[in-house]
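The values are calculated or read from the model by the stated rules, or taken from the named source; none is laboratory data. Quick caveat, the model's predicted, so the values are computed rather than measured. Methodologically, a virtual Cβ is constructed for each residue, glycine included, from the backbone with ideal geometry; neighbour enumeration extends over all protein chains shown.
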Amino acid sequence: MDQYIEYLPVIIPLFIIQIILSITAVIHVIRHPNYRFGKKQVWIPVVLFIGFIGPFIYFIFGRGDD
Amino acid sequence: MRPYIVFTKKELIEYGRTYKFFILFTIFIALGFMNPLTAKFMPKILESFMPEGIEIQLPPPSSLDSWAQFFKNVTQTGLFVAIIIFSGMMSREYEKGTLVNMITKGLPRQTVILSKFTASTLLWTLSYWTCFLITHIYTMYFWKGETVLELATSTLFLYLFGIMLISVLLIGSTLFKNSYGGLLFTEGFIAILFLLKLSHKIDNYNPLQLANQNINLLSGNLHPSKLKSPLFVCCTVIILSIISSILIFDKKQI
């Protein structure tokens, strides 16, 4: 474990960005339930569990118009 | 001048409200953090993939590896994401017919093009240099005292290459009513640049060099003055693209 402490200054911010991205996407998925394709039950796991790509795909392709 | 400022502002607000700015910015920040990390971990990752008993000797990672990751990630992931995000620049307006009102009320047509270009370039500038700054800070932190050559020139070249792609995307997006049209147009342009690489003579002028010779610049294998002609071609393409977008849009029925 000791050898990884050196990397914490990079890993922590990266982790925070990932969390911010996922949470923003989840909030958006729940609040705007009209999507270009897919359902809520599909989008929530996608934005939560597929790293950076999930929220990216949701915001660019899956997000419906307000 | 006033319509230009107002319309650019509207563009920026739109990028904010559609979460496009948020996505682009966070992805570039994440890339910024990942570059030094991947460089640092690469030998360990390779080791874990090796079958038991086989030993490989790898030199310890240096700051050059971190920058190699930067140029690899920004050209492959960063530019790709940016192009997808900007792909609907004009075509989305055609699809929704949102420009009709403003143009009939007297907004000059060239202002639309110039504002679109300014707003997207601003976003690219901000994301790119933030990514650069983060990588730079962590590279200095992990590899204290190590320096690379021509860092500013090399990153500036890639930045200009990005602007060139945005301007080409602007023509594509102005030409086609469907947002995939602009995307395909830009991809076609990149494919042509890759094809031109095959001919050694033309390759000396190929702007693609600005995006894939960066590591040679950093390690000192190539002098920046060798890339003068690609740089000139790149700037010409940017200016010509903007002018032709304005001309195309003038004739376009919206």
message: Between a residue in segment B:33-59 that is at positive phi and more than 9 Å from chain A (Cβ to nearest Cβ) and any residue that is in a loop (DSSP other than H, G, I, E, B) and surrounded by 11 or more Cβ atoms within 10 Å (Cβ to Cβ), which pairs come within a Cβ distance under 8 Å, given they are 6 or more apart or on different chains?
response: none
- request: Any chance you could count how many residues in segment B:104-134 are in a loop (DSSP other than H, G, I, E, B) and among the charged types (D, E, K, R)?
  value: 1
- prompt: Residue check, B:Y94 against (1) of a type outside the set (D, E); (2) more than 13 Å from chain A (Cβ to nearest Cβ); (3) in contact with a helix residue (DSSP H, G or I) (Cβ under 8 Å, 6 or more places away or on another chain), all met but one. Which one?
  reply: (3)
task: Being charged (D, E, K, R) and part of a helix (DSSP H, G or I) narrows it down to one of B:K228, B:K177, so name that one.
output: B:K228
- request: Scan segment B:1-28 residue by residue and report those that are of a type in the set (F, W, Y), more than 19 Å from B:L114 (Cβ to Cβ) and assigned to a helix (DSSP H, G or I).
  value: B:F21, B:F22, B:F25, B:F28
- prompt: Do we find that B:I29 is within 7 Å of chain A (Cβ to nearest Cβ), out of contact with any Ser or Thr (no Cβ under 9 Å at 6 or more places or on another chain), under 22 Å from A:L14 (Cβ atoms) and at pLDDT 80 or above in this structure?
  reply: no
field: Of residues in segment B:77-91 being in contact (Cβ under 8 Å) with a residue 60 or more places away in the chain and hydrophobic (A, V, I, L, M, F, W, C), the one farthest from the other protein chains (Cβ to nearest Cβ)
entry: B:M90
field: B:A68 vs. criteria within 29 Å of A:L14 (Cβ to Cβ) and touching a residue at least 40 places away in the same chain (Cβ under 8 Å)
entry: yes
- request: Quick one: which residue in B:R17, B:R109, B:R92 is surrounded by fewer than 21 Cβ atoms within 10 Å (Cβ to Cβ) and touching a Ser or Thr at 6+ places or on another chain (Cβ under 7 Å)?
  value: B:R92
- request: Scan segment B:65-72 and give yes if some residue there is among the acidic types (D, E), closer than 22 Å to A:L21 by Cβ and either at the interface with another protein chain (Cβ under 10 Å from one of its Cβ atoms) or surrounded by 14 or more Cβ atoms within 10 Å (Cβ to Cβ) (or both), otherwise no.
  value: no
task: Could you pull out every one of the helices (runs of 4 or more DSSP H) wholly within chain A that has 2 or more residues that are of a type in the set (A, V, I, L, M), surrounded by 11 or more Cβ atoms within 10 Å (Cβ to Cβ) and within 12 Å of chain B (Cβ to nearest Cβ)?
output: A:8-31, A:53-57
